[in-house]
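See structure below.
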Amino acid sequence: MKIAHVSDFYLPRLGGIETHVSDLFGLQRDLGHGVHVVTSTTGPAAPGVHRVAGVEGGANVIHPLATAAGVRALLDLDVDVVHAHLGVASPLAFFGARAAARAGLPTVVTVHSMWAGVGPIMATMDALGGWSGLPIAWTAVSEAATAPVRRHLIPGTPIRVLSNGIHQNEWRLTAPEERPHELRLVAVMRLASRKRPLALLRIFRAAQSALERSGDPTRLRLLVAGEGPMRPAMDRFVRRHRLASQVSLLGRLERREVRALLGGSHVFVAPADLESFGIAALEARCAGLPVVAKSQGGVREFVRHEREGLLCASDDEMVDAVVRLARDRALRRTIAEHNRTTDCPAAWGPLLAATAEVYETAARLQAQHTRRPALRGAR
């Protein structure tokens, strides 16, 4: 099969979409498929990766000229199916999927973000492009992510869950060394407002204060991997509250470095309210770390309360959860051992099979759509 993935976001950027599309690209190639990636993210040349940019050397992945060039590049490829990967702002993937479906190509869309608060944008896009009525096989990375997507499609449109995948055995790690009265927290995220990195720092500070007020000698450490526009604000927070001895902002790390970071940490903290899936949390769970996360996002689909971690409805509950894990070593060790030894539900093997089934669904939808005009004319 010849497959084209369309994604505004791709390596060398790091994030959930980028990681997932890169892994899917490689695994499908390993299975013998002819696979391409069309992206507006600039970076080094690689076989099968078609990079388009709005301006010479430009790095703005949502530049409108990049979108037009990307759609042209996509339609010039000889492929059997187009798989578009959408966040909230993904013009190349959006218009690429629309163009492919209109051109008669079987088309799959996977929504990787929570489409909360984007009703006006989606309504405008539908008015301009009529995408909701096209023969597209719709998927999302979690059940949590399907609900807002469903509100923007024709009633009754099926949406299948295609989660992010993971090479589980690569992330299974041995238990880290424990020092008396020290708990190492870790977070891996893009330092952007929607990931709530400043909330992470406030949760950390409040948890340390709660331990101190109770007379608990545990000293918390926080290690944050990632870069983004909120980095200067985080630096200021750390300086203002004199947290430099406890908080380390490590910047962008490669995946092998993230793996090593998880291997030396005790608890993973994910403060985002609207996490569609949470690949970093999944990696931490497979590495054996208890995960502290919000209960309303996609993390709850692979983290159960008091089984793989602690799920919280608010930041205050996240503070309580960190304090609880700091005090209750038995609970922390029980969750960690469970995570290290129990299979997670997002292994790549089943996910590749499910993805192939969705491609077959897309082919059927396109075939049915193509036959409709002839059937109407025969009446």
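Shape class of segment 160-239 from the alpha-carbon gyration tensor: oblate, with a/c at 1.5 or above and b/c at least as large as a/b.
The value of relative contact order for the chain, using C-alpha pairs under 8 Å at least six residues apart, is 15 percent.
Between segment 150-191 and segment 192-266, the alpha-carbon centres lie 18 Å apart.
Length gained on full extension, Ala103 to Gln296: 65.7 nm, using 0.36 nm per residue less the C-alpha separation. Taking only Cα atoms, what is the 0 to 90° angle, nearest 10, from helix 64-76's long axis to the longest principal axis of the chain? Here the helix axis deviates by roughly 60 degrees. Here Arg240 and Ala147 are evaluated by their C-beta separation; at R0 = 45 Å the FRET efficiency comes out at 0.70. For Ala140, the amide hydrogen comes within under 5 Å of the amide hydrogens of Val111, Arg160, Val161, Leu162, counting only partners 5 or more places away or on other chains and with H modelled in the peptide plane.
Annotation: amide H of Thr41 within the under-5 Å range of Tyr10, Val52, sequence separation 5 or more or interchain, hydrogens built in the peptide plane.
Given their separation in residues at 0.36 nm each and the Cα-Cα distance between them, Ala233 and Ala260 gain 7.1 nm when the chain is fully extended.
Label sites at Asp343 and Ala45, each approximated as a point 7 angstrom past Cα along Cα to Cβ, lie 4.3 nm apart.
Using C-alpha pairs under 8 Å with a sequence gap of at least 6, the mean separation divided by the residue count of segment 168-341 gives a relative contact order of 26 percent. Residues Phe268, Phe25, Phe237, arranged from fewest to most other Cβ atoms within 10 angstrom of their Cβ, appear as Phe237, Phe25, Phe268.
Karplus-derived 3J(HN,Hα) values for segment 160-165, using 6.51 cos²θ - 1.76 cosθ + 1.60 with θ = phi - 60°, are 9, 8, 10, 6, 5, x Hz; glycine and proline are entered as x. A Förster radius of 22 Å combined with the Cβ-Cβ distance from Arg307 to Arg202 puts the calculated FRET efficiency at roughly 0.25. Close amide-amide hydrogen proximity is noted between Ala84 and Val6, Val108, Val109, Thr110, each under 5 Å apart and 5 or more residues distant or on a separate chain (H modeled in the peptide plane; Pro and chain starts excluded). Taking the C-alpha atoms only, the angle from helix 315-327 to the longest principal axis of the chain is near 50 degrees. Each of Ala225, Ala336, Ala321 was placed along the dipole of segment 168-341 (beta-carbon charges, centred on the mean Cα), and the one lying farthest toward the positive end is Ala225. Remark: the Cα gyration tensor places segment 104-172 in the prolate category, a/c being 1.5 or greater and a/b exceeding b/c. Quick check for you: which residues of segment 231-251 have the amide N under 16 Å from the point 7 Å beyond the Cα of Glu212 toward its beta carbon? Inside the label zone: 238-247.
Only the coordinates and a few stated rules stand behind these numbers; no lab work does. Everything numeric here is computed off the predicted structure, so don't read it as measured data. Counting neighbours? That spans all protein chains shown, and the Cβs are built from the backbone with ideal geometry, glycine included.
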